[in-house]
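The values are calculated or read from the model by the stated rules, or taken from the named source; none is laboratory data. Remember, predicted model here, so these are calculated numbers, not experimental data. For neighbour counting, all protein chains shown are included, and Cβ atoms are generated from backbone atoms with ideal geometry for every residue, glycine included. Calculation scope for accessible area: heavy atoms of the full protein, side chains included, ligands and nucleic acids excluded. Shrake-Rupley method; radii C 1.70, N 1.55, O 1.52, S 1.80 Å.
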Amino acid sequence: MSILFNEHTRTFHLFNDEISYIMTVLPNEQMGQLYFGRRIHHKEDFSYLLENGYRPMTSYVFEGDRSFSLEHVKQEYGVYGTTDYRRPAVEVLQENGSRLSDFRYQSHTITAGKPKLPGLPATYTENSSEAETLTLLLEDPVTGITLELLYTIFEKGGILARSAKLANHGEKSVHLTTAMSLCMDLPDCDYEWLQFSGAWARERHLKIRKLEQGIQAIDSRRGHSSHEHNPFIVLKRPYTNEFQGEAIGFSLIYSGNFLAQAEVDTHNMTRVLLGISPEGFDWKLEPGEAFQTPEAVMVYSASGLNQMSQTFHKLYQKRLARGYWRDRARPILNNNWEATYFDFTEDKLVKIAAKAKECGVELFVLDDGWFGERSSDHAGLGDWIANPSRLANGITGLAQRIEDLGMKFGLWFEPEMVNKDSNLYRAHPDWILETPGRSASHGRNQFVLDFSRKEIVDCIYEMMAKILREAKVSYIKWDMNRSITECYSSALPADRQGEVFHRYILGVYDLYERLTSEFPHVLFESCASGGGRFDPGMLYYAPQGWASDDSDAIERLKIQYGTTYCYPISSIGSHVSVIPNHQVFRKTPLHTRANVAYFGTFGYELDLNHLTQEEQKEVKEQIAFMKEYRELLQFGNFYRLSSPFDGNITCWMAVNEEQTQAVVGWYRVLCGVNLPYARIRLQGLDPDFCYQDQETGKSYFGDELMNLGLITSDPLSGQVEDPNAGYGDFDSRLFVLKRV
């Protein structure tokens, strides 16, 4: 790992064993991009990579020189309007109405390790030898605004973390209307674009299309990263698959409005922009003030999509997630929501928890309905005090009863929202986001608190902290069940209303930071009607997130498969739920529900008292299995083997770091008849190790399993003698392999 600067050619080369990133100071003193990709040898002069030339209808920077135009040059942080006609990385509205900027190189620093980004989640280092950071200082001589571009290259992996900081050293205020975290110009457009999109209950479905001239983009303007689009895209070569070929992943560590965009010009150059959505964004920058963008992470892989994913997994698992639970296997939990909804008493909850304890569950979670006058979703939000008609002894008493069973206790909050039928709203009706003179929209009968205001965040913090100080709460499920509308803060002047969306997210981060700091042993799980805010920003505070409100095992195949392109298994909240499923009404075998949920944090969304004795016995076996293998499943190397987006069969596997154990999950949606023989080639094993299938006792060398494959043929395919044998729709199998 190294960052080298050639003073003569004014070229920077950032590299480690896997990647090189090369840029230079352009003739107009702005920064230009030369190369990003597989590691290449260092040399003193890479100037040949900067190509210039005359083209008709092109505008040129220097009078009398028809060779240098920003329209045809790869840049580090492009500005529209000074010979570059592409979408900009930055736009600054000045007092005279101009939106032009000219950020010229001034100096740079190279430091060991990685600086923190104040008030924002970001990757980090525990030892300064893990990474190096280059900070480029650029300045606009007209406005006096400085631009710091940060580049962190990690010692291991094809990782480059980037962000930008703008500071007003001039005498007049300006408005930032665009401030992207990353601008990446690539020399060609021979890529396929991968995005992860959907809606509530079908989040992060893989969508693939070829890049073409014009703009391909996803975004969110909902106030959160959203169910509809995830702040993560991939560009891959057309020949790239899971295990070969080039791919670049772009991930934004942010939980609010975002834009991910690829613009291909008519000369086939591609510009990738990633950052806060410029739509509605307007940040007033007074003299002496600065603005820091969120961090964007680029991961380059020369060996396919799976290597890219594993790089993201390890980075986000070990150097984005923090705290006590970062490296610990997650407790197996039972959540009461689908078991009771709002219909519960303290005794009823304890009865559910007692059966869960008998089956081996370690954590009981009380979901919505415990506070204020909450008997439906029409009232109570904002009043974070236990409802005595349901919990006579409050949260403290219930938590103690759960602890007395030998379990830990968890609790649901939705701290960012309020019902109008609540004491909080009656006392502070001006605390919600709403536009003067306009009607206020609701979602799920609730309204959004103005978390851009510190006094509101302080109030919610005190209510939540009081409960956590008094009761034995070991887990918090933090929910957020509606998008932002009428985004206007009564506390800000007119010329700062464009700041509200971002200030809101900063308020969410601030509340998370205070709670996780005061209660470091509490496990936080983020949730936003399921996967509506499943993003890297949340992982910094909550090491796991509820992946989707859709708990149906078959639907979860696509949801969890798509999620793994960026996010580690330890971050994916996945549970076994009741049948018929409450979202799609499907009846799925109990073993399949568990076999899918194992590849995540694992738990149950049902009342185990309602299962038969045979089913309860199966649950006990499932929990015992998860306890034995959860370290491997949650923290091992994960491989996607067969995609639910391509066919009827899904297959994936996890291998421990020592390559001595592996668990393979095989899933079939619909049963077939008279099918061909089938096998699946495994990955990540040691070719020289001999592995034993723990169910059949058969042994195979690693090279056999990876080159010949594991036989997955249905033993009853085409037979009709025993239609009740259990091989039907929605079937699944686990293969546990251990080194002999």
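Determine, yes or no, whether Glu279 is of a type outside the set (Lys, Arg), surrounded by fewer than 22 Cβ atoms within 10 Å (Cβ to Cβ) and within 28 Å of Arg38 (Cβ to Cβ). Here the answer is no, as Glu279 does not meet what is asked. Taken together, Ala247, Ala201 contain a single residue that is farther than 19 Å from Arg162 by Cα, of a type outside the set (Lys, Arg), modelled with pLDDT of 95 or more and buried (at least 17 other Cβ atoms within 10 Å of the Cβ), which is Ala201. Looking at Ile476, Ile460, just one residue is open to solvent by less than 20 Å² (accessible area, probe 1.4 Å) and assigned to a helix (DSSP H, G or I), and that residue is Ile460. Scanning region 676-693 for any residue that is within 24 Å of Lys207 (Cα to Cα), at pLDDT 95 or above, in a strand (DSSP E or B) and of a type in the set (S, T, N, Q) turns up nothing.
Just one residue in the set Cys527, Cys487 is more than 23 Å from the chain's Cα centre (by Cα) and at pLDDT 95 or above; that residue is Cys487. Does Phe342 meet the test of being under 25 Å from Asn481 (Cα atoms), within 32 Å of the chain's Cα centre (by Cα), aromatic (Phe, Trp, Tyr) and surrounded by fewer than 19 Cβ atoms within 10 Å (Cβ to Cβ)? Criteria met by Phe342. Determine whether His313 is surrounded by fewer than 21 Cβ atoms within 10 Å (Cβ to Cβ), within 32 Å of the chain's Cα centre (by Cα) and in contact (Cβ under 8 Å) with a residue 12 or more places away in the chain. No, not satisfied. Say we look at region 294-343 and pick out the residues that are outside any helix (DSSP H, G or I) and of a type in the set (S, T, N, Q); which of these is nearest to Lys408 (Cα to Cα)? My answer is Asn334.
All but one of (1) surrounded by fewer than 22 Cβ atoms within 10 Å (Cβ to Cβ); (2) within 19 Å of the chain's Cα centre (by Cα); (3) assigned to a loop (DSSP other than H, G, I, E, B) hold for Arg482, so report the exception by its number. In the conditions (1) surrounded by fewer than 22 Cβ atoms within 10 Å (Cβ to Cβ); (2) within 19 Å of the chain's Cα centre (by Cα); (3) assigned to a loop (DSSP other than H, G, I, E, B), Arg482 misses (1) alone.
Listed here are the residues, each with its yes/no results for (1) open to solvent by 10 Å² or more (accessible area, probe 1.4 Å); (2) among the aliphatic types (A, V, I, L, M).
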| residue | (1), (2) |
| --- | --- |
| Val508 | no, yes |
| Arg514 | yes, no |
| Glu518 | yes, no |
| Val522 | yes, yes |
| Ala528 | no, yes |
| Gly532 | no, no |
| Pro536 | no, no |
| Gly545 | no, no |
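In region 463-483, the residues that are under 21 Å from Asn423 (Cα atoms) reach residues that are open to solvent by 30 Å² or more (accessible area, probe 1.4 Å) and part of a loop (DSSP other than H, G, I, E, B) with C-beta atoms within less than 8 angstrom, at least six apart or across chains, in these pairs: Met463/Ile385; Asn481/Arg444; Arg482/His442; Arg482/Arg444.
For Glu91, the criteria (1) in a loop (DSSP other than H, G, I, E, B); (2) crowded, with 19+ Cβ neighbours inside 10 Å hold in every case but one, which is (1). Residues that are touching a residue at least 40 places away in the same chain (Cβ under 8 Å) and farther than 24 Å from Met538 by Cα number at least 3 in the following strands (runs of 3 or more DSSP E) confined to region 206-284: 214-220, 258-264.
Screening Gly119, Gly53 for residues that are touching a residue at least 40 places away in the same chain (Cβ under 8 Å), of a type in the set (Gly, Ala, Ser) and surrounded by fewer than 19 Cβ atoms within 10 Å (Cβ to Cβ) leaves exactly one candidate, Gly119. Annotation note: of Gly170, Gly158, the sole residue that is open to solvent by 10 Å² or more (accessible area, probe 1.4 Å), farther than 20 Å from Gln497 by Cα and touching a strand residue (DSSP E or B) at 6+ places or on another chain (Cβ under 8 Å) is Gly170. Going by what's in this entry, would Thr82 be described as over 33 Å from the mean Cα position of the chain (by Cα) and not hydrophobic (A, V, I, L, M, F, W, C)? Yes: the conditions hold for Thr82. On inspection, Ser571 fails the criterion of being out of contact with any Pro (no Cβ under 8 Å at 6 or more places or on another chain) and either modelled with pLDDT of 95 or more or closer than 23 Å to Phe196 by Cα (or both).
Annotation: Asp495 fulfils all but one of (1) within 20 Å of Arg221 (Cα to Cα); (2) open to solvent by 30 Å² or more (accessible area, probe 1.4 Å); (3) assigned to a loop (DSSP other than H, G, I, E, B); the unmet one is (3).
Checked against (1) open to solvent by less than 40 Å² (accessible area, probe 1.4 Å); (2) more than 23 Å from Met480 (Cα to Cα); (3) among the hydroxyl-bearing types (Ser, Thr, Tyr), Ser574 passes all but a single condition, namely (2). Based on this model, can you work out whether Tyr124 counts as of a type in the set (Phe, Trp, Tyr), assigned to a strand (DSSP E or B) and within 30 Å of Ala321 (Cα to Cα)? No, not satisfied. Looking across region 420-460, the residues that are among the aliphatic types (A, V, I, L, M) and either over 16 Å from Phe371 (Cα atoms) or out of contact with any helix residue (DSSP H, G or I) (no Cβ under 7 Å at 6 or more places or on another chain) (or both) come down to Leu424, Ala427, Ile432, Leu433, Ala440, Val448, Leu449, Ile456, Val457.
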